[in-house]
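Asker: Below you'll find the structure I mean.
The values are calculated or read from the model by the stated rules, or taken from the named source; none is laboratory data. Note that the structure is a prediction, hence the values are computed from the model and not measured. Every residue, glycine among them, receives a Cβ derived from its backbone with ideal geometry; neighbour counts consider all protein chains shown. Each accessible area value is taken on the protein alone, full model and side chains, heavy atoms only, with ligands, DNA and RNA left out. Shrake-Rupley method; radii C 1.70, N 1.55, O 1.52, S 1.80 Å.
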Amino acid sequence: MTVDPNAATQGFPSPRPPEPRPHPARYLVPALVAAAVAVALGVYGKVHDPAGTAFNLAGFSSTGAVKSWMATVAVFFAVVQFFSALMMYGRLPGPGWSGTLHRWSGRAAFLVSVPVAVHCLYALGYQTYETRVFWHSLLGCFFFGAFSAKMLLLRSERLPNWLLPIVGGLVFTALTIVWLTSALWFFRTFGVTT
């Protein structure tokens with residue numbers, strides 16, 4: 001039996017060329033937006049003359065209590081986001097709707113944190129008179145910058161698998177430390193009041 005070297009053969013399909021890796025500069029825009037948001041909030045908080053108060057809700061004894069409880073609700077939703085992210089990435093077993101839970105808990109955490117941030121910036125400003133307050137001010141601005149970067153990165157295609165968990169972890173960590181230096185401090189100093 002002879003084999004014709006010119007005969008058409010059924011071979012394996014030729015491998016697809018590797019997809020081009022995104023240029024690192026495409027991550028520059030979210031990083032620059034994050035920096036701009038954080039710096040803008042910090043500058044506004046520093047140059048703005050603090051008003052002392054911005055809002056209060058009926059049923060609460062003080063604006064500190066309102067902010068502390070709203071921040072606690074935001075952290076609760078951030079914890080839900082953390083665990084739902086672990087489910088989405090297969091690190092924890094979870095329902096098929098863990099992605100929806102992740103998105104909605106993130107939206108809720110952000111919406112609850114905005115009035116707190118507005119009050120902090122308008123009523124108190126960016127303060128540095130003690131270590132706790134300095135870290136609270138710094139990481140509060142960083143939180144909103146990192147959150148902005150995360151939202152921009154979510155719309156990007158072909159992200160490295162490690163990027164969103166890192167940026168999400170930075171957002172979660174910043175919010176947690178902001179809560180520790182404000183709401184937890186308030187509850188320990190003034191008691192768990194409404």
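Asker: Among the numbered conditions (1) in contact (Cβ under 8 Å) with a residue 60 or more places away in the chain; (2) within 22 Å of residue 66 (Cα to Cα), tell me where residue 111 comes up short.
Answerer: (1)
Asker: Turning to a different aspect of this structure: Could you check segment 146-165 and list, in sequence order, the residues that are assigned to a helix (DSSP H, G or I) and hydrophobic (A, V, I, L, M, F, W, C)?
Answerer: 146, 147, 149, 151, 152, 153, 154, 163, 164
Asker: When segment 145-155 is examined, which residues are found to be open to solvent by 50 Å² or more (accessible area, probe 1.4 Å) and under 20 Å from residue 67 (Cα atoms)?
Answerer: none
Residues are listed down the side, and each one gets a yes or a no for (1) in a helix (DSSP H, G or I); (2) closer than 26 Å to residue 29 by Cα; (3) more than 15 Å from the chain's Cα centre (by Cα):
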{"site": "101", "(1), (2), (3)": "yes, no, yes"}
{"site": "104", "(1), (2), (3)": "yes, yes, no"}
{"site": "114", "(1), (2), (3)": "yes, yes, no"}
{"site": "120", "(1), (2), (3)": "yes, no, yes"}
{"site": "128", "(1), (2), (3)": "no, no, yes"}
{"site": "133", "(1), (2), (3)": "yes, no, yes"}
{"site": "140", "(1), (2), (3)": "yes, yes, no"}
{"site": "144", "(1), (2), (3)": "yes, yes, no"}
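Asker: Working only within segment 156-186, note down all residues that are over 12 Å from the mean Cα position of the chain (by Cα), open to solvent by 30 Å² or more (accessible area, probe 1.4 Å) and not hydroxyl-bearing (Ser, Thr, Tyr).
Answerer: Selection gives 157, 158, 159, 160, 161, 162, 177, 179, 180, 184, 185.
Asker: Let me ask you something else. Which of the residues belonging to segment 24-61 are among the polar types (S, T, N, Q) and free of Cβ contacts under 8 Å to residues at least 12 places away in the same chain?
Answerer: Filtering segment 24-61 for residues among the polar types (S, T, N, Q) gives 53, 56, 61.
Selection gives 56 alone.
Asker: Output the residue which, of all residues in segment 21-55 that are within 20 Å of residue 161 (Cβ to Cβ) and outside any helix (DSSP H, G or I), is most open to solvent (accessible area, probe 1.4 Å).
Answerer: Step by step, filter segment 21-55, then rank; the result is 21.
Asker: Now a separate question. Of 70, 87, which residue is more than 23 Å from residue 166 (Cα to Cα) and in a helix (DSSP H, G or I)?
Answerer: Going through 70, 87 in turn, just one is more than 23 Å from residue 166 (Cα to Cα) and in a helix (DSSP H, G or I): 70.
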